[in-house]
1. Return the residue satisfying two criteria in turn: it lies in the range 145-161 and is touching a residue at least 60 places away in the same chain (Cβ under 8 Å) and not aliphatic (A, V, I, L, M), and of such residues it is surrounded by the fewest Cβ atoms within 10 Å (Cβ to Cβ).
2. Taking E364 as the residue in question, decide whether it is of a type in the set (D, E), surrounded by fewer than 16 Cβ atoms within 10 Å (Cβ to Cβ) and not in a loop (DSSP other than H, G, I, E, B).
3. When you look at R177, is it more than 25 Å from the chain's Cα centre (by Cα) and either buried (at least 19 other Cβ atoms within 10 Å of the Cβ) or at positive phi (or both), yes or no?
4. Grab the strands (runs of 3 or more DSSP E) fully contained in the range 141-243, keeping just those with 2 or more residues being of a type in the set (F, W, Y) and within 25 Å of G277 (Cα to Cα).
5. Taking only the range 13-27 into account, find how many residues are in contact with a helix residue (DSSP H, G or I) (Cβ under 8 Å, 6 or more places away or on another chain) and not in a helix (DSSP H, G or I).
6. State which residue pairs qualify: first residue over 22 Å from Y162 (Cβ atoms) and without any contact (Cβ under 8 Å) to a residue 60 or more places away in the chain and inside the range 41-68, second residue part of a helix (DSSP H, G or I) and small (G, A, S) in any location, beta carbons under 7 Å apart, and separation of 6 or more residues or different chains.
7. With (1) within 23 Å of the chain's Cα centre (by Cα); (2) surrounded by fewer than 22 Cβ atoms within 10 Å (Cβ to Cβ); (3) among the β-branched types (V, I, T); (4) part of a helix (DSSP H, G or I) as the list, and V420 as the residue in question, which single condition is left unmet?
8. Among (1) modelled with pLDDT of 95 or more; (2) within 21 Å of I214 (Cα to Cα); (3) in a loop (DSSP other than H, G, I, E, B), which single condition is N375 missing?
Amino acid sequence: MANTDTLVDPAGGGLLRDIRMLLNGQRVFDIHTHLGMSGPRQARDLAGIVSYHWLAVELIRALGRKIEANPVKDPAGYVREALPAFPAIRNTVNHYALMGMLRDLYGVKDRTITAENWERIDGLVREHAGDPGWLAGCLDRARVEKLTVARLQGIPDDSGRYVPYEYAEYLYATDTRKKLRALAGEEAPMPRTPEELEAAIRRRIDWLADVQGIRALHVWHGWPWVYEPAGPGEVQAALDLLASGSDDEDKDRKTLPLGLRVALASFAADVTASAAGGHGMVIQLFHGMMLYTKTSVASHVSDWDPAFLRKLAFHMHRNPSTRFDIFLATRIPGHEAASLARVYPNMMVSGAWWHGFTASTLSEFFRDRLEMLPNTAWNAFYSDGYIVEWIYAKLLVAKNRLAHALAGMVEEGFLVEDDVPEIAARLLYENATAAYLAG
């Protein structure tokens, strides 16, 4: 690992530089990763880094076409295809994160990836592909002392560093036969009444908590769900339709009228939230991203439904003992989310998701949250990283923006410099520890 003096780019001076260096020494809790989702937990080659979808969408857009080479089967071909796009993305935040990570972890000093340097950089990455200490070393370098990992991807070791979560869409939106069967288990009958559905959800949550040690539930509705309290008649009607449906999820979704689909999902959401709250699990709700067309990695784009947050307030109100952490992929609802977190003590609003992870969006999120919320009510960072290198890279951006937000507050007289260490510790580590490891 290259010997560099700072995690953050040391640009700036005076107060800003002091705060950036302070952040560099803070412990970090990464509350949402997909570590290992693409297979490896650390990069095997340069293609494994630059094919990460947050960056790849920009490469594809710059090229004006899909990259045909498979980054796993033909990593060299993938990078060669992508090379013409790198000059056009030098202005993006993901490029900043990429090159900062390559600088710090591999000693790369180049401005971008080119035909002249890519093989050298690829070689540097490959040198560490089989290093069993690389994963922990990168996390240590970034001071990431805790991070969530999905049960499905497995816990890397028993160090206590890794906090397991569950992909819980099948609990929050039981709108297909496949999800109902996943919920019930292969040996159990599919729930056919509201009472059976509630019992199945509660059994599953108990198992996740007591046997698997799950501390958080990941919930992304990839369809326009908004919370609507459901009566037993609506839930029964939805279950009846699914009982006579198929095992094709797309057909099942078309079988259920939208109103019944929303009712069933909302019923399941309330039961899940109630059961999860009893075990101290955090529910991570993602909003602001929709799949418009199935054409390429670029198909998922920012989307916002104002009813989502406004109706979500009633869901949180009905489940006051459950902690909700809201992740937004667009800046539009950011202020409204902060105002909700100001009123509902069981709601946090954290980081920025997907297309929302830009410097200006993070700046807006962080300033709103600093100005509106107690510094115990939100978390500044999560990476959504699939490999450890992108956890490191995303942290570069988050710390950059947090430093600017805090420095601005001090320079404008809203904080004093002595306030900064305590606030930074809470936003990067302590709040997440209190929420995700409580109980």
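1. Per the stated criteria, the residue is G154.
2. no
3. Numbers: more than 25 Å from the chain's Cα centre (by Cα): yes; either buried (at least 19 other Cβ atoms within 10 Å of the Cβ) or at positive phi (or both): yes.
Spelling it out, R177 is indeed more than 25 Å from the chain's Cα centre (by Cα) and either buried (at least 19 other Cβ atoms within 10 Å of the Cβ) or at positive phi (or both).
4. Qualifying strands (runs of 3 or more DSSP E): 162-167.
5. 2
6. Qualifying pairs under 7 Å: L59/A82; L59/A85; A62/A85; A62/A88; L63/A85; I67/A82.
7. For V420, the exception is condition (1).
8. (2)
The values are calculated or read from the model by the stated rules, or taken from the named source; none is laboratory data. Predicted model, so just to flag it, every value in this text is computed and none were measured. All Cβ positions, glycine included, derive from the backbone under ideal geometry; neighbour counts span all protein chains shown.
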